Amino acid sequence: MKLNIKLQNVFLEMVCFLYIILFTYAAISKLIDFENFQTQLGQSPLLSAYAASISFLVIFAELGLVVALSLRVSRIKALYLSVGLMTVFTTYIILILNFSSFIPCSCGGILEKLGWNEHLIFNLFFIFIGSCSLLLHQYDKKGIISLLLIVVSSVLFVVFLFLSSEDTMKKQNPFIRRFTPNVASRTLTKNLNNYGFYFVGHSKGNIYLGNTISPLTIIEFDSTLQHKKQYSIQLTPDTLPFRAVKTKILGAHFFLYDGSIPIIYRGLVSDWKATIWVTKKPYFTTLQPIDSTLCVFRGQQLGTYENILGTIALDDSLKIRKQKHLLQKQIDGIFDTDGTLTYSEGLKKIVYTYFYRNQFIVADTALQLVHHVTTIDTTTRAKLKVVRVKKSGDSKLAAPPYTVNLRSAAFNELLFNQSGLRGRYESKKNWDHASIIDVYDITNKIYLFSFYIYHENKMKMSDLLITEKALYAIVGHQIVKYTFGTPMLTQLKK
């Protein structure tokens, strides 16, 4: 009997010693590369929202247990807690393996080199020897219940963190991005041999580009970027004093416009001939075709020069409607309401994304507000310094603007937004070499995930176009295709 007790004590001390070695090594590894540890937690699909607090809590718990396991007076209680902590880690791995589309590791040291199945076995081994030593020490009803309570509460704790983190990331995101792998992969690139290109649109599987230097020239590519055609738009009349000509395609029609004249031409993609559709009014800065007889525009209110949205409809007669209160003024109503106007054909909804605040507007084609959606950054109010020039009465920016959203494009229920800000736990190296696209569910008002569009020859992305299977980007003098993977295709099919 005395021998059995002695063996039990030796086994207990050996288990405690193994736990001490494990937690000491794990904690020191995390401390040595703490920034990387915290970043990996931030990219975790389960615990992103709590990365900051958990990163400190885990290290504190591991070091605290090392001390407690070293003292005879607290060894048994510390061993119960050690089994609980290993149960927390194990539950996390099980959730990662079964409920996550990607699997980051944040263990540090040689443990980071283990595969996830090996890691799971490793953790289960420590739970097993810890539980055995505790039950050998106190094999009665109280000991069994205590062990079960520790294990069950540890599992429930991780499940609670997982569920609450998911809700926080989607609806109350503290500017932590989720870079899900295989969202989009760079598959094709084509040299355009010039600058000034922008996307006109897409139709029947083809991609169309315009050029600010040669505004009547249209370039067509097929989806493989291998077959190229060039067209010249024929205008009737073509003698107007154009200043800022742009073209957009919607279905079988194209619209060529210059809001400073103002004038809008309309024609068919089949022959690239256009005649005047609307002229003389209204003046506008941005135009978005909705169908062959309806366009949405952004213009300025007479007298105040504040930005407003409106519609131009021409079927039997010309109808111009202005919505003065859809864009919400914060500072001057001019710079602070500047943004990107895009349209989702699948939803039949207009999306207006502010440049300088964390919000985009969703409206129907009659410009009736559907809802506002908050982007994941925290800039609720535009950070602009606006001054008015007394001599001319013009408003100007007195300092470089703090740009939150650079450009966006809508497709079906998704908004693809190029962010101007680096989020928490993100690598500066990646930020310096790529543009970030944040993807939002327009209908459900939630953030989904993010991915990178990498610079080409140190040139940044200047425009983007979304189709049902890919994102096309103009980067410098190249057009680059990013083919969507399963996570994105699943969202697009909804």
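The values are calculated or read from the model by the stated rules, or taken from the named source; none is laboratory data. Everything quoted here is computed from the prediction, not taken from an experiment. Ideal geometry is used to build each Cβ from the backbone, glycine not excepted, and the neighbour counts take in all protein chains shown.
Evaluated against (1) in contact with a Phe, Trp or Tyr (Cβ under 6 Å, 6 or more places away or on another chain); (2) surrounded by fewer than 17 Cβ atoms within 10 Å (Cβ to Cβ); (3) in the same structural domain as L97 (by TED's automatic domain parsing), Y231 falls short on exactly one condition, (3). Suppose the filter is assigned to a strand (DSSP E or B), closer than 30 Å to K396 by Cβ and either β-branched (V, I, T) or modelled with pLDDT under 95 (or both); does V362 pass it? No: the conditions fail for V362. Taken across region 411-430, residues that are closer than 24 Å to N194 by Cα, surrounded by 17 or more Cβ atoms within 10 Å (Cβ to Cβ) and over 12 Å from the mean Cα position of the chain (by Cα) do not occur at all.
Taking the listed residues I361, I446, I350, the one that is of a type in the set (A, V, I, L, M, F, W, C), over 28 Å from N36 (Cβ atoms) and without any contact (Cβ under 8 Å) to a residue 40 or more places away in the chain is I361, with no other qualifying. Checking Y425, Y402 one by one, the residue that is part of a loop (DSSP other than H, G, I, E, B), among the aromatic types (F, W, Y), in the same structural domain as Q328 (by TED's automatic domain parsing) and at negative phi is Y402 and no other. A Cβ distance below 6 Å, combined with a sequence gap of six or more or placement on separate chains, defines the contacts here; from region 272-289, residues that are touching a residue at least 60 places away in the same chain (Cβ under 8 Å) reach residues that are hydrophobic (A, V, I, L, M, F, W, C) and in a strand (DSSP E or B) in the pairs Q288/V296; Q288/L341. Could you check region 194-224 and list, in sequence order, the residues that are surrounded by fewer than 17 Cβ atoms within 10 Å (Cβ to Cβ) and hydrophobic (A, V, I, L, M, F, W, C)? Once the filter is applied, which keeps residues that are surrounded by fewer than 17 Cβ atoms within 10 Å (Cβ to Cβ) and hydrophobic (A, V, I, L, M, F, W, C), region 194-224 yields only I213. With respect to Y402, is the statement that it is buried (at least 16 other Cβ atoms within 10 Å of the Cβ) and hydroxyl-bearing (S, T, Y) true? Judged against the criteria, Y402 is not a match. Among (1) crowded, with 20+ Cβ neighbours inside 10 Å; (2) over 24 Å from T293 (Cα atoms); (3) in contact with a Phe, Trp or Tyr (Cβ under 9 Å, 6 or more places away or on another chain), where does I264 come up short? The failed condition is (2).
This table checks each residue for (1) closer than 21 Å to N182 by Cβ; (2) within 16 Å of the chain's Cα centre (by Cα); (3) modelled with pLDDT of 95 or more; (4) not hydroxyl-bearing (S, T, Y).
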residue	(1), (2), (3), (4)
F451	yes, yes, yes, yes
L471	yes, yes, yes, yes
G476	no, no, no, yes
K494	yes, no, no, yes
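Checking each residue in region 272-299 for being under 21 Å from Y198 (Cα atoms) and part of a loop (DSSP other than H, G, I, E, B) picks out W272, F284, T285.
Restricting attention to region 190-226, the residues being in a strand (DSSP E or B) and either hydrophobic (A, V, I, L, M, F, W, C) or under 19 Å from Y482 (Cα atoms) (or both) number 17.
Looking at L464, L492, just one residue is under 26 Å from K348 (Cβ atoms), surrounded by fewer than 19 Cβ atoms within 10 Å (Cβ to Cβ), hydrophobic (A, V, I, L, M, F, W, C) and out of contact with any His (no Cβ under 8 Å at 6 or more places or on another chain), and that residue is L492. Only one entry in T87, T91 is farther than 20 Å from R178 by Cβ, modelled with pLDDT of 90 or more, among the β-branched types (V, I, T) and over 28 Å from the mean Cα position of the chain (by Cα), namely T87. The residues of region 364-381 that are touching a residue at least 40 places away in the same chain (Cβ under 8 Å) and among the charged types (D, E, K, R), listed by number, are D377, R381.
Restricting attention to region 312-321 and to residues that are farther than 29 Å from I466 by Cβ and either in contact (Cβ under 8 Å) with a residue 24 or more places away in the chain or of a type in the set (S, T, N, Q) (or both), the residue that is surrounded by the fewest Cβ atoms within 10 Å (Cβ to Cβ) turns out to be S317. Among the residues of region 438-471, which ones are among the hydroxyl-bearing types (S, T, Y), closer than 25 Å to V373 by Cα and not in a loop (DSSP other than H, G, I, E, B)? Within region 438-471, Y440, Y447, S450, Y452, S462 meet the criteria.
When A252, A274 are checked against the criterion of being at pLDDT 95 or above, small (G, A, S), in the same structural domain as N412 (by TED's automatic domain parsing) and in contact with a strand residue (DSSP E or B) (Cβ under 9 Å, 6 or more places away or on another chain), a single residue qualifies: A274.
Assigned to a loop (DSSP other than H, G, I, E, B) and modelled with pLDDT of 95 or more - does that describe any residue in region 229-242? Within region 229-242, one or more residues are assigned to a loop (DSSP other than H, G, I, E, B) and modelled with pLDDT of 95 or more.
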